[in-house]
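The block underneath contains the structure these notes are about, expressed in structure tokens.
The values are calculated or read from the model by the stated rules, or taken from the named source; none is laboratory data. This is a predicted model, so every value here is computed, not measured. Don't worry about glycine lacking a Cβ; one is built from the backbone with ideal geometry, like all the others, and counts go over all protein chains shown. Heads up: the accessible areas ignore ligands, DNA and RNA and are worked out on the full protein's heavy atoms, side chains in. Shrake-Rupley method; radii C 1.70, N 1.55, O 1.52, S 1.80 Å.
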Number of protein chains: 2
Amino acid sequence: METKDLKQAGLKATLPRIKILSLMEENTVRHVSAEDVYKTLLESGEDLSLATVYRVLTQFEQAGLVTRHHFEGGHSVFELNEGGHHDHILCVKCGRVDEFVDAVIEERQQKIAAEKGYDMTDHSLYIFGICQACQKL
Amino acid sequence: METKDLKQAGLKATLPRIKILSLMEENTVRHVSAEDVYKTLLESGEDLSLATVYRVLTQFEQAGLVTRHHFEGGHSVFELNEGGHHDHILCVKCGRVDEFVDAVIEERQQKIAAEKGYDMTDHSLYIFGICQACQKL
DNA sequence: CTCTAAATGCGAACGATTCTCATTAACCTT
DNA sequence: AAGGTTAATGAGAATCGTTCGCATTTAGAG
């Protein structure tokens, strides 16, 4: 129930927020832009404004419900936080996105931050390449 | 001589391109936005348009002379390609940027790409944290 | 059920970047 | 070194993603 998730995150359970969270919890989406969310909900007959989508997604990000990615091309992409931290590998041809976790890399990053005198708070790692399907084209 | 670098990259040696490349080759800058380049050159008495700065930086990127980074906050930052590949560690408080290379991470990335069936072309890794100076504030 | 603060919708505003198109400058030719 | 061709530039309008301001609506406490 999205209502409970929202309350736990300290957010009022308003209609737009419920709809957006509910959409992101469908496992058919994974990585969506604000525009995607807006269009999809409009098509489903919901009536909300694009500004609200941006506001809500930003709140979700601050509440730790979603992560904002800066996939190239200017616009942001949002992903539901579930199943813990992971990084991404993207196909530069077709845009396909896969996920991975690597303990060795995670650990090295901590070490590097420490060596440079930083108190590490976060990181972002994207591997770019050509996926198996696109290699055959 | 910037003129030769430009010719080798397949670009006409025009005045704006020479000025911009020359600015980026000063080791005082490292990471600059289009706006930075524009303002700096205006202050040096050069007369060029912001549109040209964007065009030229994009061409430099395509020619492999510079790399475009998507440091958060919407705008792009450019860096001269020299001294080989490296990754970045950024302070989330003051914006300071340091560089590093880690062979272990580089190698793990190749391995992960291979496991996922990707032919890796590139990657981007940013570590975020609080730098030594900002920790003391 | 009522009230109050918080959330929303709408359209204007915004910052970064790109485009259009008339003008200018590079570089090949002579 | 001068001229012609073509690509590059300048200036400002246009576009894109995103945010803001403000009047209206709604969630949730009392």
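Taking the stretch A:72-89 as the region of interest, how many residues are touching a residue at least 24 places away in the same chain (Cβ under 8 Å) and either within 14 Å of DNA strand D (Cβ to nearest atom) or open to solvent by 20 Å² or more (accessible area, probe 1.4 Å) (or both)?
5
Report whether or not A:K111 is among the charged types (D, E, K, R), in a loop (DSSP other than H, G, I, E, B) and out of contact with any Lys or Arg (no Cβ under 6 Å at 6 or more places or on another chain).
no
What number of residues within the stretch A:114-136 are on the phi < 0 side of the Ramachandran plot and not in a strand (DSSP E or B)?
Total meeting the criteria: 10.
Residues in the stretch A:3-26 that are more than 15 Å from A:T52 (Cβ to Cβ) and assigned to a helix (DSSP H, G or I): how many?
The number of residues fulfilling the criteria is 6.
Condition test on B:L50, is it at pLDDT 95 or above, surrounded by 15 or more Cβ atoms within 10 Å (Cβ to Cβ) and within 23 Å of B:H69 (Cβ to Cβ)?
Considered against the rule, which asks whether it is at pLDDT 95 or above, surrounded by 15 or more Cβ atoms within 10 Å (Cβ to Cβ) and within 23 Å of B:H69 (Cβ to Cβ), B:L50 comes out as no.
One line per residue, one yes/no per condition, for (1) touching a His at 6+ places or on another chain (Cβ under 7 Å); (2) within 21 Å of A:M1 (Cα to Cα):
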site	(1), (2)
A:S44	no, yes
A:S76	yes, no
A:G83	no, yes
A:D87	no, no
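What is the number of the single condition among (1) within 21 Å of the chain's Cα centre (by Cα); (2) more than 7 Å from chain B (Cβ to nearest Cβ); (3) more than 30 Å from A:I18 (Cβ to Cβ) that A:I105 does not meet?
(2)
Do you know which residues across the stretch B:27-42 are part of a loop (DSSP other than H, G, I, E, B) and open to solvent by 60 Å² or more (accessible area, probe 1.4 Å)?
B:N27, B:T28, B:R30, listed by residue number.
Among the candidates A:G95, A:G74, A:G45, A:G64, single out the residue that is more than 16 Å from DNA strand C (Cβ to nearest atom) and outside any helix (DSSP H, G or I).
A:G95
Scan the stretch A:17-59 for residues that are under 19 Å from A:N81 (Cβ atoms) and either in contact (Cβ under 8 Å) with a residue 12 or more places away in the chain or of a type in the set (A, V, I, L, M) (or both) and report the count.
Summing the residues that are under 19 Å from A:N81 (Cβ atoms) and either in contact (Cβ under 8 Å) with a residue 12 or more places away in the chain or of a type in the set (A, V, I, L, M) (or both) in the stretch A:17-59 gives 21.
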